[in-house]
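No lab work stands behind these numbers, since they all come straight from the coordinates. Just so it is clear, the model here is predicted, and its values are computed rather than measured. Note that each Cβ is placed from the backbone with ideal geometry, even for glycine, and that neighbours are counted across all protein chains shown.
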């Protein structure tokens, strides 16, 4: 294509050069304009009737001056130039059209090739990220298993040490008691020799020091074991729950929805859950049920170290202060009955607040949405949602019953071991459908 363009422009240059040379050569030459002899109409001599009429002589041609010749050459040159420019214009138009077609074809081919390459690159990156994520998950799982194994080994070692110290202490106490019982008879008849008295006193002092050292070691081991048990209890999920929801950050998109097994139009209920909050602010939502008309139909929430339980709106609540700690697993329950509006709040199996007249005669509205870690905002799930209300931490064992549970059953459900075995008939943990959104995910 470039060769054709070079040939075309070369032809244009040759034509222009030849034209200019022709103009230079013709400028100094004289142009002889010779007119042929005039021809007159000849009448046959055989027709004597017609008289011979002489034909008028043609106009005499005037001599052309040098300026006339120059103008004629200029007109001729101008005509040739127009013809040449027209030819060049046609050639350029054809070449431009050819270039346009070639560029369109190349752009189409390149676009297809780029799209194919981009799809392949995206697929490769996605596969690579998936493999990296799976590898990271395996490493984290292995590290967690290794850490748990080390914790278990340390706990068993501390328990064995405690048992050994207890056995040693019991043995020393029994030996000391036996020695004292044996020494009762001689004590009545006190030894008269001073050396015997000094030996008996030194032996008793040494035994007392040994007992004090053993008791101190035993107390230290018990304190270490208690610290380890507390750290283990705060680190791992309550026994029997098998899984938990992890909320890594505050976001208007980070929450989970729950699909109840029965309608939520209830006259009484009990809602319980396990939660380990990373940080609680002025209002941190744990459990929320709301409709378009009332987004705060039912809420269980934290306020710094306080716990609040609302029914029918924020103005109808029952709460307790200084019962919630960050970084620790806590069991929260709220009960309510439409009859007399009796509402109670429970933390770790203990009733911490109780109030009558809370939304008395009220019935929960139907066709609402159950959210974990956030409250409903307006007509949509995420409209006008405040990210500062979002929960951060871990949550497990979410259950809802359509009646008020007895105090013994609530206390039993708050035990760290096997507490998730008692599932609600409206929402049951491990049975009802729970859908996490954004960065919220399941952990074991």
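The mean sequence separation of alpha-carbon pairs under 8 Å and at least six residues apart, normalised by the residue count of the stretch 337-426, gives a relative contact order of 25 percent.
Gain on full extension, evaluated as 0.36 nm per residue between residue 155 and residue 321 minus their Cα-Cα distance, stands at 56.4 nm. Across the stretch 244-443, the mean sequence separation of Cα contacts (distance under 8 Å, 6 or more residues apart), normalised by length, yields a relative contact order of 36 percent. Spin-label pair residue 102-residue 74: with each label point 7 Å from Cα along the Cα-Cβ axis, the two points sit 4.1 nm from one another. Separation of the stretch 317-396 from the stretch 230-307 is 8 Å, based on Cα centroids.
Among 221, 363, rank each residue by its count of other Cβ atoms within 10 Å, from fewest to most, as a rough exposure measure. Mind showing how you got there, number by number?
On the way: 221 19, 363 12.
In increasing order of surrounding Cβ atoms, one gets 363, 221.
Assuming a ≥ b ≥ c are the square roots of the Cα gyration tensor eigenvalues, decide whether the stretch 244-443 counts as rounded (a/c under 1.5), prolate (otherwise, with a/b larger than b/c) or oblate. Verdict is rounded for the stretch 244-443. With a Förster radius of 22 Å applied to the C-beta separation of residue 208 and residue 166, the computed FRET efficiency comes to 0.75.
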